[in-house]
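The values are calculated or read from the model by the stated rules, or taken from the named source; none is laboratory data. No experiment lies behind these values; they were computed from the predicted model shown. FYI the Cβ positions are ideal-geometry reconstructions off the backbone, even for glycines, and counts take in every protein chain you see. The accessibility values were calculated without ligands, DNA or RNA, using every heavy atom of the protein model including side chains. Shrake-Rupley method; radii C 1.70, N 1.55, O 1.52, S 1.80 Å.
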Amino acid sequence: MTDATPPSARHPGRGVPLWLKLAFTLWILGWAPTFWVLLGPQNYFWLCNLANFLLLVGLWRESRLLLSMQWLAVALVGTLWALDVGTAWLIGLHPIGGTEYMFDGGQPLLTRLLSLYHLILPPVAGLAVWRLGYNRRALSWQTGLTWLVIPASYLLTDPERNINWVHGPFGSEPQTLMDPLLYLVALMGLWPLLIYLPVHFLTRRLQRRGRLG
């Protein structure tokens, strides 16, 4: 069945709960304008920030494709983010990197607190996919979206912000090991391979075992 099929027909009694739709809507109503004021609109180019808006649309439309795409976008990223922050909080070391701003006193406390949404998105997307089922086309669609957002981030955002790491891995310093455009192409290739593909394979395996719709 396709996304055009009503959720009740695909999975009777297993649509997205109304409480989740309302709670996530309230979150977006608070998070989106606050981030705009604190960090500016360029911050929305981050794929994890974009996922907030796409998840909201997916929840209300109960779109398996859109929700599955964002499951790929946030599942592994959110897990690694939590691992890095948790390890740094416990022993003061960042095993992965990219979350140093969470311990930077120069960053507004509210910004750092709101960044804890990285812990929320995987359960929200995971619950929605568990209720509605996983759409295997999500891998190609999310890859296509990423291939649009990464060049847009390179062209339309300030280099010092290094949004989506388009100028270098983590931090704000540009990489110098290769030509910037070659690095950008490599980033576009590695992002789906390292971030989306493992989640896709694991989810498909669970799907084949009957754990997901």
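Quick look at the values:
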| item | result |
| --- | --- |
| Residue within the stretch 151-174 that is of a type in the set (S, T, Y), open to solvent by less than 70 Å² (accessible area, probe 1.4 Å) and within 30 Å of P17 (Cβ to Cβ) present | no |
| Pick from the stretch 7-38, criterion assigned to a loop (DSSP other than H, G, I, E, B) and more than 16 Å from G126 (Cβ to Cβ), ranking: modelled with the lowest pLDDT | P12 |
| Filter result (closer than 18 Å to L20 by Cα, open to solvent by less than 70 Å² (accessible area, probe 1.4 Å) and assigned to a helix (DSSP H, G or I)) within the stretch 117-138 | Y117, H118, L121, P122, V124, A125, G126, L127, A128, V129, R131, L132 |
| Residue in the stretch 175-197 that is acidic (D, E) and open to solvent by 80 Å² or more (accessible area, probe 1.4 Å) present | yes |
| Residues within the stretch 198-213 that are at pLDDT below 90 and open to solvent by less than 50 Å² (accessible area, probe 1.4 Å), tallied | 3 |
| Subset of the stretch 78-130 [closer than 27 Å to L202 by Cβ and charged (D, E, K, R)] | D84 |
| Whichever residue in the stretch 98-127 is under 16 Å from W27 (Cβ atoms) and of a type in the set (S, T, N, Q) and, among such residues, is nearest to the chain's Cα centre (by Cα) | S115 |
| Selection status of T143, polar (S, T, N, Q), at pLDDT 95 or above and either part of a loop (DSSP other than H, G, I, E, B) or open to solvent by less than 30 Å² (accessible area, probe 1.4 Å) (or both) | yes |
| Any hit, the stretch 86-109, residues being part of a helix (DSSP H, G or I), open to solvent by less than 60 Å² (accessible area, probe 1.4 Å) and in contact with a Gly (Cβ under 6 Å, 6 or more places away or on another chain) | no |
| Qualifying residue in the stretch 46-63 (condition: modelled with pLDDT of 95 or more, surrounded by 14 or more Cβ atoms within 10 Å (Cβ to Cβ) and acidic (D, E)) | yes |
| Search result, residues across the stretch 56-85 that are assigned to a loop (DSSP other than H, G, I, E, B) and of a type in the set (G, A, S) | S63 |
| Pairs with Cβ under 6 Å, 6+ apart, first in the stretch 82-107 and within 24 Å of L39 (Cα to Cα), second in a helix (DSSP H, G or I) and open to solvent by 50 Å² or more (accessible area, probe 1.4 Å) | A82/L119; I96/L80; Q107/Y101 |
| Of residues in the stretch 64-85 being open to solvent by less than 40 Å² (accessible area, probe 1.4 Å) and in contact with a Pro (Cβ under 8 Å, 6 or more places away or on another chain), the one farthest from T146 (Cα to Cα) | D84 |
